[in-house]
Structure formats: C-alpha cells, structure tokens
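The next block holds one structure in the form of structure tokens; read it before the comments.
The values are calculated or read from the model by the stated rules, or taken from the named source; none is laboratory data. These figures come from a predicted structure and were not determined experimentally. We place every Cβ from the backbone using ideal geometry, glycine too, and count neighbours over all the protein chains shown.
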Amino acid sequence: MTRSRVLLGHVGRLLALVLLAGLGLQLFFVARIAMMAVVDPQSTSFQRSEAWRLLTETGRITWGQQWVDDSQISPNLKRAVIASEDAAFAEHSGVDWDAIEKAWEKNQRAQAIAARRSEQLARRAARPNAPPVLSPPRVQAKVIGGSTITQQLAKNLLLSSERTLARKGQEFVLTFALEVCLSKRRILEIYLNSVEWGEGLFGAQAAARYYYRVDAARLGAYPSARLAVMLPAPKRFEKRPGSGYLAERAGTVVARMGAVELP
C-alpha cells in the first residue's frame, strides 16, 4: 500500500510538472505575441527552418526579405490576399469555422473519389491479360485547407510544419492569442511581411521587387492578384510564372477585390 502511494505521488508530481511546463510555454508564446504589437518580428519559425533546409541542401542560404510598414504595402495587395486567402478576415475571430467545415466536406469527397479510382486501377491490374505490375498505383486526394490568415501566421511564426493534432491544437491557441493581442491591421502587416513567395523569398517588398521590379507600395491590381494566388504554392508558381491557372485565378481575384473590406 505504501509503495502504491509513493508511486501515485511520483506520478502526480510528474503530471504537475508537465502541466506547469505546458503553461509556461503558453505564457512564453503569448508574451512574444504581445511584444509584436510594437516590435517587428525579425524572422519566423518557418523562415528559420527554410534557411536550414537551404543550407543543408545547397550549402548556402538564399534569403530575400525587407520589412516595410503597413502604409508602404499597396491596398491592392492587401485586398487581393484577403480575397484569395481569407474573405472573412475582417469579421471572424481568428478561425473561420464555416470554411473549415466546407474544406472538410471537400476533402471527404476527394478522398472518396480517390479511393474509388484506386479500386478501379487495382481491378484493372488484376485482370488476366493486364501487364504485370509490382503493385497498383494508389491515387492520392489533394488536401484542401480552411486556415485563415491569422492561423497561417500563427503556424509560420512559432510552430513547426508537422501535421499532428497537438500542433493543430497549439495553432488554435496561438491564433486566438494573436487576435486578442494584435489588431487585424497589425496581423495582416506581419503576415504580408513574413509570408513565403518563392525559394528563400519572404514578404511583400521582396516579392514585388523580384517579380515586378517595383516597391510593394506601387503594386497594381492584377500583379497583386497574381502574387496572392501564388501563396498556397509559391515555389511551384515561381518555376511556372506563365501558368494558365495562375492567370485565370488572378482574374477571378481581381473581380472580388472591390468587395473586400480592409481592417
């Protein structure tokens, strides 16, 4: 009985230490976010991980970024990014639950279609006259996200790129902390100065100079829309600037920009 009590005591203390460590980490994150109300972040967790990846793969770090104030970023780019990435940015409290539900439904349908396609390919491979294959190819469904601009910023600022329930839960905590500690205008300013727009290319000013040879303040509607459309896959679109999808989607974003409310 005594040994059991001692063991339970050790377990209880261990759990208390774990809880205190978790609470300390959350307070550390919140303190860092609160400081961003007046201090511009020098780099993000995602940027540092990309710098390390480039260093290990190429032996050098290619880094393009120049912080500019909110007033030096074209309203066209702000409207384009909101129209393309998070239409309800000015209204929601950090998480757009309707967008998450829609994304989940789309992913479920896509996974069902991919599963049926994989079954069809497997049946074809099993036919007597079919050419021999080691294993039938498995069709992967494209995963569609429902993350808001605030969620993307929370993930890029302080978290790793791994996809786990624990990391997603931490993302929600940081998202709400960003919304409480910072204004929508400040959140958008930090996002546009830190988001990736190509290999080792971060922020609106660097992107505007690299793709259009102008400052971020001078970006027009269509160039802004093209930059906004690049955001989900910037490295891919950097290699395919003439993509038909990019041009078509940019036209759609331009048409939506007039209805966007800026914070």
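Residue by residue through the range 13-42, note down the ones that are closer than 23 Å to Arg167 by Cβ and in contact (Cβ under 8 Å) with a residue 60 or more places away in the chain. Matches in the range 13-42: Gln26, Phe29, Val30, Arg32, Ile33, Ala34, Met36, Pro41. Taken over the range 241-260, the criterion of being surrounded by 12 or more Cβ atoms within 10 Å (Cβ to Cβ) and in a loop (DSSP other than H, G, I, E, B) is satisfied by Ser243, Val260. Of the residues making up the range 38-47, those that are in a loop (DSSP other than H, G, I, E, B), hydrophobic (A, V, I, L, M, F, W, C) and more than 13 Å from Asp69 (Cα to Cα) number 0. Considering the range 159-191, and only residues there that are touching a Lys or Arg at 6+ places or on another chain (Cβ under 7 Å) and in contact (Cβ under 8 Å) with a residue 40 or more places away in the chain, the residue that is surrounded by the fewest Cβ atoms within 10 Å (Cβ to Cβ) turns out to be Ser160. Could you tell me whether Val81 is in contact with a Phe, Trp or Tyr (Cβ under 9 Å, 6 or more places away or on another chain), at pLDDT 80 or above and part of a helix (DSSP H, G or I)? Yes; evaluated as a whole, the condition is true for this residue.
On the given criteria, is Glu238 assigned to a helix (DSSP H, G or I), in contact with a strand residue (DSSP E or B) (Cβ under 9 Å, 6 or more places away or on another chain) and in contact (Cβ under 8 Å) with a residue 24 or more places away in the chain?
Judged against the criteria, Glu238 is a match.
Looking for something in contact with a Phe, Trp or Tyr (Cβ under 7 Å, 6 or more places away or on another chain) and either closer than 18 Å to Tyr191 by Cα or loosely packed, with under 13 Cβ neighbours inside 10 Å (or both) - is there at least one such residue anywhere in the range 232-239? Scanning the range 232-239, I find at least one residue that is in contact with a Phe, Trp or Tyr (Cβ under 7 Å, 6 or more places away or on another chain) and either closer than 18 Å to Tyr191 by Cα or loosely packed, with under 13 Cβ neighbours inside 10 Å (or both), so the answer is yes. Does the range 81-96 contain at least one residue that is touching a Cys at 6+ places or on another chain (Cβ under 9 Å), crowded, with 18+ Cβ neighbours inside 10 Å and either touching a residue at least 60 places away in the same chain (Cβ under 8 Å) or not β-branched (Val, Ile, Thr) (or both)? Taking every residue of the range 81-96 in turn, none turns out to be touching a Cys at 6+ places or on another chain (Cβ under 9 Å), crowded, with 18+ Cβ neighbours inside 10 Å and either touching a residue at least 60 places away in the same chain (Cβ under 8 Å) or not β-branched (Val, Ile, Thr) (or both).
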